[in-house]
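S.K.: Next up is a structure, given as structure tokens.
The values are calculated or read from the model by the stated rules, or taken from the named source; none is laboratory data. Small disclaimer: the values here were computed from a predicted structure and weren't measured. Cβ placement follows ideal geometry from the backbone for every residue including glycine, while neighbour counts extend to all protein chains displayed. Protein only, heavy atoms only, side chains kept; ligands, DNA and RNA dropped before computing areas. Shrake-Rupley method; radii C 1.70, N 1.55, O 1.52, S 1.80 Å.
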Amino acid sequence: MTDSVPAASAPSTSSTVRVSDRFVAYVHQVCASTQARAALRRGLGLPVERCNYLHRYLVPWLRDHDDQHHHDVRRAYYAVASLIAARPRSARDATPDESASISWYERSNLGASLGQAVAKGVLKENSAESALHLMVRQSSDAVHPGLPALVRQLLVGGIAVDWAVLLEDLAWWNRSRDRIATRWLESYFRAAGGTTDPAPSDSAEEND
């Protein structure tokens, strides 16, 4: 018996569901096949032009559901499909969250996930904040290669990633980076907690 799935048969979902959520559901369906999951995983951190093994699964879906000709949009889809396929077993076995039922603006973005990782001790505050500040200054071409390692750290630590939100943020990154970056930073500091006391260097300067 071969381990295979249809190349691009999107699940039948209501038209009121966001396209990004429909795509995430489709990729989860595809990843039920070990062979397909391995193919999608080969696109980790790569531009679309080097993702030859992913086209079979993603080109037909994009043709039917979104703008397949916009470079940033296409790369976002390929990136998120690869990240979902590369989840560690602990994340694959976790109970699916119900984020799609929450108001879109209340759903966690990558900044919130990083903040949760700090709050739970999965990531150190300095490293998480540095990574976030670096990302928000970069173009999507620089952001994409670093996502696999960062996302894996979150997932291994039990921190959920809202794939649909990440997909839309990546698709719009080069066109609305400042808006998305602000949202990530605000979400990070809300989730990470921390102190409102002045930094030690501030007191030192005053004493001088």
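S.K.: All but one of (1) more than 16 Å from Arg183 (Cβ to Cβ); (2) small (Gly, Ala, Ser); (3) modelled with pLDDT of 95 or more hold for Gly111; state the number of the condition that does not hold.
M.R.: Condition not satisfied by Gly111: (1).
S.K.: Go through the stretch 23-40 and give me each residue that's in contact with a Lys or Arg (Cβ under 9 Å, 6 or more places away or on another chain) and either surrounded by fewer than 15 Cβ atoms within 10 Å (Cβ to Cβ) or within 15 Å of Leu62 (Cα to Cα) (or both).
M.R.: Val30
S.K.: Same structure again: Hey, any hits in the stretch 157-164 for a residue that's touching a Ser or Thr at 6+ places or on another chain (Cβ under 7 Å) and β-branched (Val, Ile, Thr)?
M.R.: Looking through the stretch 157-164, at least one residue is touching a Ser or Thr at 6+ places or on another chain (Cβ under 7 Å) and β-branched (Val, Ile, Thr).
S.K.: A further question follows. Could you run through the stretch 6-21 and say how many residues are of a type outside the set (Asp, Glu) and either under 21 Å from Ala86 (Cβ atoms) or at pLDDT below 50 (or both)? Reasoning before the result, please.
M.R.: Of all residues in the stretch 6-21, those of a type outside the set (Asp, Glu) come to 6-20.
With the extra rule that they be either under 21 Å from Ala86 (Cβ atoms) or at pLDDT below 50 (or both), the set shrinks to 6-14, 20.
Residues meeting the conditions: 10.
S.K.: Kindly indicate the residue of the stretch 177-208 that is at pLDDT 95 or above and out of contact with any helix residue (DSSP H, G or I) (no Cβ under 9 Å at 6 or more places or on another chain) and also least open to solvent (accessible area, probe 1.4 Å) among those meeting that condition.
M.R.: Ranking the candidates gives Thr182 first.
S.K.: Quick one: how many residues across the stretch 21-51 are more than 11 Å from Tyr78 (Cα to Cα) and either over 18 Å from the mean Cα position of the chain (by Cα) or of a type in the set (A, V, I, L, M) (or both)?
M.R.: Adding up the residues that qualify gives 10.
S.K.: Restricting attention to the stretch 140-182, which residues are assigned to a helix (DSSP H, G or I) and among the small types (Gly, Ala, Ser)?
M.R.: Within the stretch 140-182, the subset assigned to a helix (DSSP H, G or I) is 140-156, 163-182.
Result: Ser140, Ala142, Gly146, Ala149, Ala164, Ala171, Ser176, Ala181.
S.K.: Out of (1) of a type in the set (Val, Ile, Thr); (2) at pLDDT below 95; (3) buried (at least 19 other Cβ atoms within 10 Å of the Cβ), the odd one out for Thr2 is which?
M.R.: The number of the failed condition is (3).
S.K.: OK, next. So which of Leu170, Leu154, Leu147, Leu166 is more than 24 Å from Asp66 (Cβ to Cβ) and at pLDDT 95 or above?
M.R.: On the way: Leu170 fails: more than 24 Å from Asp66 (Cβ to Cβ); Leu147 fails: more than 24 Å from Asp66 (Cβ to Cβ); Leu166 fails: more than 24 Å from Asp66 (Cβ to Cβ).
The conditions single out Leu154.
S.K.: Could you give me the residue pairs with C-beta distances under 9 Å whose first residue belongs to the stretch 34-57 and is assigned to a helix (DSSP H, G or I), whose second residue is of a type in the set (Asp, Glu) and surrounded by fewer than 18 Cβ atoms within 10 Å (Cβ to Cβ) wherever it lies, and which are 6+ apart or on separate chains?
M.R.: Hits for this filter: Thr34/Asp3; Gln35/Asp3; Ala36/Asp3.
S.K.: If you go through the stretch 64-75 one residue at a time, how many are within 13 Å of Val19 (Cα to Cα) and at pLDDT 90 or above?
M.R.: Total meeting the criteria: 1.
S.K.: Right, here's the next one. Please enumerate the residues belonging to the stretch 132-157 that are of a type in the set (A, V, I, L, M) and in contact with a Gly (Cβ under 9 Å, 6 or more places away or on another chain).
M.R.: From the stretch 132-157, those of a type in the set (A, V, I, L, M) are 132, 134-136, 142-143, 147, 149-151, 154-156; that's our starting set.
If the condition is that a residue be of a type in the set (A, V, I, L, M) and in contact with a Gly (Cβ under 9 Å, 6 or more places away or on another chain), then Leu132, Leu134, Met135, Val136, Leu147, Ala149 are the ones that fit.
S.K.: Tell me yes or no: at least one residue of the stretch 100-114 is in a loop (DSSP other than H, G, I, E, B) and over 20 Å from Asp21 (Cβ atoms).
M.R.: No: the stretch 100-114 contains no residue that is in a loop (DSSP other than H, G, I, E, B) and over 20 Å from Asp21 (Cβ atoms).
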